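Working notes for the structure below.
The values are calculated or read from the model by the stated rules, or taken from the named source; none is laboratory data. Only a predicted model underlies this, so the values are computations on that prediction, with no experimental measurement involved. Backbone-built Cβ (ideal geometry, glycine too); neighbour counts: all protein chains shown. Calculation scope for accessible area: heavy atoms of the full protein, side chains included, ligands and nucleic acids excluded. Shrake-Rupley method; radii C 1.70, N 1.55, O 1.52, S 1.80 Å.
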Amino acid sequence: MNEPIEQRNIAELQGVHKRYLLKHAIYGIDLQIRKGTIVGLLGPNGSGKSTLLKMMAGMIYPTSGRILVNGRQPDVRNKSQIAYLPEIDNLYGWMTVKETLRFISGFYDDWNADKAADMLEKMELDINQKVRSLSKGMRARLKLIAALSRDVPLVLLDEPFSGIDPSSRAKIIRSIASEFESGEQTIVLSTHSVKESEPMFDDVIFLQGGRIKLYDSAENLRAEFGCSLENIWEKVYV
Ligand SMILES: Nc1ncnc2c1ncn2[C@@H]1O[C@H](COP(=O)(O)OP(=O)(O)OP(=O)(O)O)[C@@H](O)[C@H]1O
């Protein structure tokens with residue numbers, strides 16, 4: 001027997017519209033995010049990726065429409081459901097890597113210390129180094145560890161690879177894919193690194209001007225267009 005729709009989806013958006021003062025960022029989006037998948041959120045600058053992720057994280061609210069994560073409207077009260085990695089750098093420079101992770105872990109009952117230790121090793125970070133002396137790419141790795149070390153149903157990553165060089169990016173993507181517990185967690189990840197990220201995506205959303213241009217499984221999209229997601233990007237946006 002098929003599962004009811006609401007149990008198959010970790011998040012549902014219905015007619016979601018977002019306006020910042022006079023600027024329309026998202027236009028009436030309907031979306032269902034399947035549980036246990038890694039979803040790529042793709043689109044050019046200003047297409048609405050960060051706005052969509054912030055609304056799903058409960059950081060900002062839709063102007064109209066409805067968002068449900070695990071059946072509840074996201075806000076500060078259901079932070080136990082959602083890990084969110086913002087595009088901005090929100091780390092304290094005076095802390096070491098170890099202190100940063102200890103500090104962040106104190107906020108969350110769902111912190112998985114084993115996972116954090118494992119990722120620290122894979123991401124090759126020195127736990128005694130001060131955050132202020134880390135390179136941009138190293139800081140990006142630390143932010144990623146902070147988001148991925150929580151045992152939550154939904155992980156939202158906004159541009160997690162910005163500042164990370166291409167070879168490290170590929171390595172980190174493999175590490176995310178290996179840490180990912182299919183069935184337990186869902187990851188929605190915005191990125192401009194389509195080529196490197198492509199192998200880990202189950203589903204892909206192409207946004208354009210605040211609207212969904214394409215949304216399907218990566219497999220269906222590749223079959224329909226007869227090419228890679230990277231080439232679909234070129235067909236859609238260039
Ligand atoms: N706080 C804000 N106030 C006013 N307009 C905003 C604000 N945040 C975003 N916007 C506008 O909303 C639209 C979508 O922006 P958003 O940051 O969501 O896009 P994005 O796809 O994440 O872009 P990028 O790839 O550059 O990060 C843009 O036109 C942007 O200028």
| said: Using the basic label-point model (7 angstrom from Cα toward the beta carbon), what is the residue 95 to residue 110 distance in nanometres? | reply: 1.9
| remark: Expressed per residue, the solvent accessible area of the chain in Å² (1.4 Å probe) is about 50
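How would region 101-238 be classified by its alpha-carbon gyration tensor: rounded, prolate or oblate, with rounded meaning a/c under 1.5 and the a/b versus b/c comparison settling the rest?
prolate
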| said: Run lengths n ≥ 4 of DSSP H only: what is the helix-derived mean residue ellipticity at 222 nm for the chain, with -39500 (n - 2.57) per run over all residues, to the nearest 500? | reply: -9500 deg cm²/dmol
| field | For the chain, the fraction of alpha-carbon pairs in successive 10 Å shells from zero, as % | value | 7, 32, 37, 20, 4, 0
| Cα-only Debye scattering, region 48-162: base-10 log of I(q)/I(0) at q = 0.13, 0.22 Å⁻¹ | -0.51, -1.24
| note | The base-10 log of I(q)/I(0) that the Debye equation returns for region 140-221 at q = 0.10, 0.25 Å⁻¹, one scatterer per C-alpha, is -0.24, -1.43
| said: I need the phi-derived Karplus couplings for region 226-233: 6.51 cos²θ - 1.76 cosθ + 1.60, θ = phi - 60°, integer Hz, Gly and Pro marked x. | reply: x, 7, 6, 4, 4, 6, 4, 3
| request: Could you check how much of the accessible area of region 5-237 is carbon and sulfur, as a whole percent, using a 1.4 Å probe? | output: 49
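Where Rh is the Kirkwood radius over the Cα pairs of region 122-166, the temperature 37 °C and the viscosity 0.692 mPa s, what D in µm²/s does Stokes-Einstein return?
On the way: Rh = 11.5 Å.
Calculated translational D: 286 µm²/s.
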| message | Taking just the alpha-carbon atoms of region 1-106, what radius of gyration and Dmax come out, in angstrom? | response | 16.0, 55
| field | Beta bridges by DSSP in region 5-237, antiparallel share as percent, to the nearest 5 | value | 55
